[in-house]
Structure formats: C-alpha cells, structure tokens
Amino acid sequence: QRLKAAVHYTVGCLCQEVEEDKDMQFSKQSIAAISEITFRQCEIFARDLEMFARHAKRTTVNTEDVKLLARRSNSLLKYITQKSEELASSNMEQKEKKKKKSSAAKGGRTPGEQEAAVTENEDSNM
C-alpha cells in the first residue's frame, strides 16, 4: 500500500512537471489511472524478472534478466547496457583500489616488489 502511494506521488510529480513544460492540465482521475497502470506494469515486470532468473536456475535477478525484459525497446536496452557496462567498470576500478590499499597495508609493497624481496632473501640465505 505504501509502495502504491509512493508510485502515485511520483506520477503526480511527473505530471506536474509535464503540465509546467507543455502548458496543459491532468485531472486527478487521469493521474490515478496512470499511477495504477504504472504499478500494475511494475508488478508484471517483477514477475517476469523472477521467471527469467528461475528459468536460468538462479535465485537472484541479474542484469542479463533486466536486458531480456527491455529487449522490446531498443533505446531502453541500449541505455541499460551502457549503464551496466559503466557500473561494471566502476566496480572493477574500486576492486583494484582496494587490492592496492590492502597490499600496501600488509607490507607496503606491490606483488612484484614482494616477489623481488623474497628473491633477495633467498639469495642472502645461500
């Protein structure tokens, strides 16, 4: 019920923006109808995403499921793919930063420097 109210509020805000931009009016009934349609469509999307994941024998919905859902709209699919790639590259950069920080905290050396130090120790032991 709270989610439905949040959708109704958001649709109302969006309609208000359109009213200002396009100099037109939306009745309360039309805003309610748009809200209801939006909410029902989101429920359908959620069920479809669950089914896509279940079909792939997964319990988690992933980006491939979302792309499959958006396949009918080329522009939406392109946008989702672009954002997915941006997130993936951002996650990789964060992982690399964490690796560098953790290796610096452990010994203050990168893996290559650590290997050189081990070789030095082995040479001095001979």
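The values are calculated or read from the model by the stated rules, or taken from the named source; none is laboratory data. On a predicted model such as this, the values are computed, not experimentally measured, just so you know. As a convention, Cβ positions derive from the backbone with ideal geometry for all residues, glycine included, and neighbour counts pool all protein chains shown. Accessible surface is based on the protein model in full, side chains and every heavy atom, while ligands, DNA and RNA are left aside. Shrake-Rupley method; radii C 1.70, N 1.55, O 1.52, S 1.80 Å.
Is it the case, given these coordinates, that Thr63 is of a type in the set (S, T, N, Q), in contact with a Ser or Thr (Cβ under 9 Å, 6 or more places away or on another chain) and modelled with pLDDT of 95 or more? Give the derivation first.
Working: of a type in the set (S, T, N, Q): yes; in contact with a Ser or Thr (Cβ under 9 Å, 6 or more places away or on another chain): yes; modelled with pLDDT of 95 or more: no.
Judged against the criteria, Thr63 is not a match.
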Worksheet item: Quick one: in segment 20-43, which of the residues that are at pLDDT 95 or above, over 29 Å from the mean Cα position of the chain (by Cα) and open to solvent by less than 100 Å² (accessible area, probe 1.4 Å) is nearest to Val66 (Cα to Cα)?
Response: Ser30
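Residue by residue, here is whether (1) open to solvent by 80 Å² or more (accessible area, probe 1.4 Å); (2) assigned to a helix (DSSP H, G or I); (3) touching a residue at least 24 places away in the same chain (Cβ under 8 Å); (4) of a type in the set (D, E, K, R) holds:
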| position | (1), (2), (3), (4) |
| --- | --- |
| Asp48 | no, yes, no, yes |
| Met51 | yes, yes, no, no |
| Arg54 | yes, yes, no, yes |
| Val61 | no, no, no, no |
| Glu64 | yes, yes, no, yes |
| Lys67 | no, yes, no, yes |
| Arg71 | yes, no, no, yes |
| Ser75 | yes, yes, no, no |
| Ile80 | no, yes, no, no |
Worksheet item: Within segment 90-106, is even one residue at pLDDT below 70 and over 20 Å from Leu49 (Cβ atoms)?
Response: yes
